[in-house]
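Notes for the one structure printed next.
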Amino acid sequence: MNILILGSGGREHAFTLKLVESPKVNSVFVAPGNAGTNEIATNVNINPTDFDAVKKLVLENNIKIVVVGPEAPLVNGVHDFFLADDKLKNIPVIGPKKDGALLEGSKDFSKKFMEKYNVPTAKYKSFTSDNLEDGFAFLETLEPPYVLKADGLAAGKGVLILNSLEEAKIELKEMVSNQKFGEASSTVVIEEFLKGIELSVFVLTDGKNYKILPSAKDYKRIGEGDVGLNTGGMGAISPVPFADDNFLNKVEELVVKPTIDGLQKEGIDYKGFIFIGLMNDNGNPSVVEYNVRMGDPETEVVLPRIESDLFELFDGVANQTLNEKSFVVTKQTATTVMLVSGGYPEAYDKNKEISGLEDVADSTIFHAGTALKNGKVVTSGGRVMAITSFGDSIQEALDKSYESISKISFDKMNYRKDIGFDLV
Ligand code: AMP
Ligand code: GLY
């Protein structure tokens, strides 16, 4: 069986590593991949949103399952494209169709969905330039801080959290009237600020059955102590110690079941991952957001903890037999620390040679923004690689990740030295 993975991050390297280990998998292709996936699979340099190029690749290489890493191809309809094509329609795609991808692609849609199916979430209303004055009036009914979200995809930048009412009004106007985030902010969701501590729970569903994967916590800010600009994620830990059985049972009953049930009632045949961003407020879960894919770098701690064959789970999704599948998760903790290019998440240099990788023994290196140049591994993105380790405790795992990092270097390499600071 040949598999294609779309994407190029640490998440996709983690998928690749699990799938090449499967006795049922012959060849893994990654499009476009990175220097890490290149070592263990076949990279093909195409853009995952170029569906005609994806089609050609799939047919030429006898691909039997396509796993979609990032959200863009899903929101753009890669799964729908397959279903509409005679030659592709029987090739399963792991990732929802456009209708399901709206859970991430439209905040307004996902809030309406949660409201309709009684999934706990912050109180909200949506506004456009046509009812801007109503938006100002709604802001006045809320307590600070104020949460403003661009409805559409805005490269992870579309959420503003503001302390003053005046600022919130200015930004609302900037978003809906002056296209602060382009078309994505022509509708804005304003919602109540949720207190608590964040974590994520990942669900894999075949549209009828579901499996809850290990929980994880990521560290989104660039600066130690969770300060500074938001990034894609600077590190992650799994499992999350405060997500105990009692809390996770609540998540399953109050969030996962109504979500799967709601999708069915909406007639959305959802096959793929649902990433549920949660706030834990004194043991009570509330949904911050849905994503329609795995998280990055969360995948780099969630998948390594799954000891069973990941292909079997995908096979269950493809054939709607996920209820017949089981999987084993190690009790050990996994931690990952992201090495980033100096300057990220703002401007940064590329093409810096990375050295010391061969000296790392106690960790798994998941490449993200890397490429091969003249046979050498160089940086090619802001987030460069995630260093994942196991331990009997968070501290033990972190110590290994940081020990491994001490062996790796590239010009202006940066990373957070305090991943897990709030948990240990
Ligand atoms: P989102 O893209 O919806 O995940 O929002 C990005 C980040 O903003 C989240 O990870 C939270 O840290 C924060 N956030 C979003 N919505 C809320 C909320 N209602 N209350 C508090 N924090 C929020
Ligand atoms: N680490 C957050 C995300 O993947 O969206």
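Can you flag which of K149/K331; K195/K407; K331/K407; K125/K257; K112/K250; K112/K331 are past 30 Å Cα-Cα?
K149/K331; K195/K407; K112/K331
If the cut-off is a Cα-Cα distance under 25 Å, which lysines reach K64, setting aside same-chain residues fewer than 8 apart in sequence?
K18, K24, K55, K56, K87, K89, K97, K98, K208, K211, K271, K325
For the chain, what is the percent of antiparallel DSSP beta bridges, rounded to the nearest 5?
Rounded to the nearest five, the antiparallel share is 80 percent.
About its Cα centre, what dipole magnitude does the range 26-136 give when the only charges are +1 on Lys and Arg Cβ and -1 on Asp and Glu Cβ, stated in debye to the nearest 20?
That gives the range 26-136 a dipole magnitude of about 340 debye.
Mind running the shape call on the range 110-209? Use the C-alpha gyration tensor, a ≥ b ≥ c as the square roots of the eigenvalues: rounded below 1.5 for a/c, prolate if a/b tops b/c, oblate otherwise.
Verdict is prolate for the range 110-209.
If each residue of separation counts as 0.36 nm, what is the full-extension length gain between L372 and N284 once their alpha-carbon separation is subtracted?
27.0 nm
Quick one: what are the phi-derived ³J(HN,Hα) couplings along the range 395-412, Karplus 6.51/-1.76/1.60 with θ = phi - 60°, whole Hz, x for glycine and proline?
Whole-Hz 3J(HN,Hα) from phi for the range 395-412: 4, 4, 5, 4, 4, 5, 4, 5, 4, 5, 4, 5, 8, 9, 8, 8, 4, 6.
Under a GNM of the chain (C-alpha, springs under 10 Å), which listed residue has the highest mean-square fluctuation: N34, N43, N131?
N131
Taking the Cα centre of the chain as origin and charging only Cβ (+1 Lys, Arg; -1 Asp, Glu), how large is the dipole, in debye to the nearest 20?
For this selection, approximately 740 debye.
Find out how many positive minus negative residues lie around P258, taking Lys and Arg as positive, Asp and Glu as negative, among other residues whose Cβ is under 13 Å from that of P258.
-1
Taking K and R as +1 and D and E as -1, what net charge do the other residues with C-beta under 12 Å from the C-beta of S215 add up to?
-4
Considering only L229, L194, L339, give the residue with the highest GNM mean-square fluctuation for the chain, with springs between Cα atoms whenever their separation is below 10 Å.
Result: L229 has the largest fluctuation of those listed.
Where does the chain land at 222 nm, in deg cm²/dmol rounded to the nearest 500, when only DSSP H runs of n ≥ 4 count, each adding -39500 (n - 2.57), divided by all residues?
Roughly -8000 deg cm²/dmol at 222 nm, from the helical runs in the chain.
With springs connecting C-alpha atoms under 10 Å apart, model the chain as a Gaussian network and identify which of M279, M294, M234 has the largest mean-square fluctuation.
Evaluated over the chain, the most mobile residue of the options is M279.
What whole-number distance in Å separates the alpha-carbon centres of the range 130-167 and the range 326-358?
Between the Cα centre of the range 130-167 and that of the range 326-358, the gap is 33 Å.
Which value in nm describes the separation of the simple spin-label points at N178 and D130, placed 7 Å from the Cα toward the beta carbon?
Once both label points are built, they end up 2.4 nm from each other.
Would you tally the net charge around A14, using a Cβ to Cβ cut-off of less than 15 Å, leaving A14 out, and scoring K and R as +1, D and E as -1?
Every neighbour counted, the sum reads -4.
Quick check: the distance between the Cα centres of the range 256-281 and the range 226-241, to the nearest angstrom?
Rounded to whole Å, the Cα centres lie 23 Å apart.
By the gyration tensor of its Cα atoms, with a ≥ b ≥ c the square roots of the eigenvalues, what is the shape of the chain: rounded for a/c under 1.5, prolate for a/b over b/c, or oblate?
The shape class here is rounded.
Work out the charge dipole of the chain with +1 on the Cβ of Lys and Arg and -1 on the Cβ of Asp and Glu about the Cα centre, then indicate which of S177, V287, P73 is farthest towards its positive end.
Result: P73, furthest along the dipole toward the positive end.
Sort 151-157, 302-308, 84-90 by packing, meaning the average of other beta carbons within 10 Å per residue, with the highest value first.
Result, highest mean first: 302-308, 151-157, 84-90.
We did not get these values from a lab; they are worked out from the coordinates using the rules stated. The model shown is predicted, which means the values in this text are computed figures rather than measured ones. Here the Cβ is made from the backbone with ideal geometry for all residues, glycine too, and neighbour counts use every protein chain on show.
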